[in-house]
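First the structure, then my questions, so here it is.
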Amino acid sequence: MENKAVYPGFFDPITNGHVDIIQRGLKIFDRILVAVLKNPKKRPLFSTKERVKMIQNIFANEKKIEVKAFDGLLVEFAKKNNSRIVIRGLRAISDFEYEFQMALMNRKLNPEIETFFLMPSVQYSFLSSKLVKEVFMLGGCIKDLVPQIVEKKLRYKSKKNPRGFLDN
Ligand code: PNS
């Protein structure tokens, strides 16, 4: 049976830390389904469609990667997509408590699904989508922090709608 893992997240936007986790996951799993949470309550900077498209663009040449948006329970989404593995990245001890709670809640909801933790390269251990947006907004360099397409889209968005950008 094909060993397919789901890698869920908000990805607003995807960072090099996420990319690093996906690349590590590809060494272990046959396929990775990147699951982009819709959740409009969180008021993302990028629409669901934009977040999905950026990830598709980054992995355009990688046949083992698929990208889909989802809402509702992650375990239901994984089951519907024939996967029993959820990948999550652990950057630091500070991530652990939240991740531990989520993994055990998901296990309670569906004991068949396992969460698989991967550590990113240490150069990304401080990185988050929120910080990338903040640094960019304040004029800092984000070149090594996000894929090129993300930097380009951030630039475009800040020019097109500087107010909307500041709201996030
Ligand atoms: O990028 P994030 O914000 O760390 O991703 C969080 C995510 C999407 C993995 C989490 O919020 C999630 O799984 N949401 C779906 C709703 C769900 O299943 N909730 C119960 C599990 S705790």
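Under 9 Å between Cβ atoms, at least 6 apart or on separate chains: pull out the pairs that start in the range 42-62 with a residue that is over 11 Å from PRO13 (Cβ atoms) and end on any residue that is modelled with pLDDT under 95 and of a type outside the set (Val, Ile, Thr).
These pairs meet every condition: ARG43/ASP167; ARG43/ASN168; THR48/ASN39; THR48/PRO40.
Another question about this same structure. I need every pair where a residue in the range 1-27 that is polar (S, T, N, Q) has its Cβ under 6 Å from the Cβ of a residue that is within 11 Å of the ligand (Cβ to nearest atom), sequence separation at least 6 or different chains.
Note: pairs meeting the criteria are THR15/SER129.
Scan the range 95-120 for residues that are in contact with an Asp or Glu (Cβ under 9 Å, 6 or more places away or on another chain), open to solvent by 30 Å² or more (accessible area, probe 1.4 Å) and in a helix (DSSP H, G or I) and jot them down.
Correct list: ARG107, LEU109.
Within the range 30-46, can one find any residue that is among the small types (Gly, Ala, Ser), open to solvent by 10 Å² or more (accessible area, probe 1.4 Å) and within 11 Å of the ligand (Cβ to nearest atom)? Show your work before the answer.
Our first condition is that a residue be among the small types (Gly, Ala, Ser); within the range 30-46, this holds for 35.
From what is left, the residues that are open to solvent by 10 Å² or more (accessible area, probe 1.4 Å) are none.
Within the range 30-46, not a single residue is among the small types (Gly, Ala, Ser), open to solvent by 10 Å² or more (accessible area, probe 1.4 Å) and within 11 Å of the ligand (Cβ to nearest atom).
Filter the range 1-14 down to the residues that are over 8 Å from the mean Cα position of the chain (by Cα) and either β-branched (Val, Ile, Thr) or in a strand (DSSP E or B) (or both) and list them by number.
LYS4, ALA5, VAL6
Please go through the range 48-64 and pick out each residue that is more than 16 Å from the ligand (Cβ to nearest atom) and under 22 Å from ASN161 (Cβ atoms).
Within the range 48-64, LYS49, LYS53, ASN57 meet the criteria.
Next question, about the same structure. Of the numbered conditions (1) surrounded by fewer than 17 Cβ atoms within 10 Å (Cβ to Cβ); (2) within 16 Å of the chain's Cα centre (by Cα), TYR124 fails exactly one; give the number of that condition.
(1)
Which condition from (1) away from the ligand (no atom under 16 Å from the Cβ); (2) surrounded by fewer than 18 Cβ atoms within 10 Å (Cβ to Cβ) is the one that LEU154 breaks?
(2)
Which one is least open to solvent (accessible area, probe 1.4 Å), of the residues in the range 47-61 that are within 23 Å of LYS79 (Cα to Cα) and charged (D, E, K, R)?
Applying the first criterion (within 23 Å of LYS79 (Cα to Cα)) to the range 47-61 yields 48-49, 51-52, 55-56.
Keeping just the survivors that are charged (D, E, K, R) gives 49, 51.
Values: LYS49: 145, ARG51: 2 Å².
This residue is ARG51.
Considering each residue of the range 65-94, count those that are part of a helix (DSSP H, G or I) and either within 9 Å of the ligand (Cβ to nearest atom) or more than 22 Å from LYS27 (Cβ to Cβ) (or both), and give that number. I'd like the intermediate steps shown before the answer.
Here is the first cut: in the range 65-94, the residues part of a helix (DSSP H, G or I) are 74-80, 93-94.
After this cut, where a residue has to be either within 9 Å of the ligand (Cβ to nearest atom) or more than 22 Å from LYS27 (Cβ to Cβ) (or both) as well, the list is 74-77, 79-80, 93-94.
So the answer is 8.
When you scan the range 24-44, how many residues do you find that are under 22 Å from ARG91 (Cα atoms) and touching a strand residue (DSSP E or B) at 6+ places or on another chain (Cβ under 6 Å)?
Going through the range 24-44 one residue at a time, the tally reaches 8.
Here's something else I'd like to know. Return the residues of the range 145-165 that are at pLDDT 95 or above and in contact with a helix residue (DSSP H, G or I) (Cβ under 7 Å, 6 or more places away or on another chain); say none if nothing qualifies.
LEU145, VAL146, PRO147, ILE149, VAL150, LYS153, LEU154
The values are calculated or read from the model by the stated rules, or taken from the named source; none is laboratory data. Nothing here was measured: the structure is a model prediction, and the numbers come from that model. We place every Cβ from the backbone using ideal geometry, glycine too, and count neighbours over all the protein chains shown. Calculation scope for accessible area: heavy atoms of the full protein, side chains included, ligands and nucleic acids excluded. Shrake-Rupley method; radii C 1.70, N 1.55, O 1.52, S 1.80 Å.
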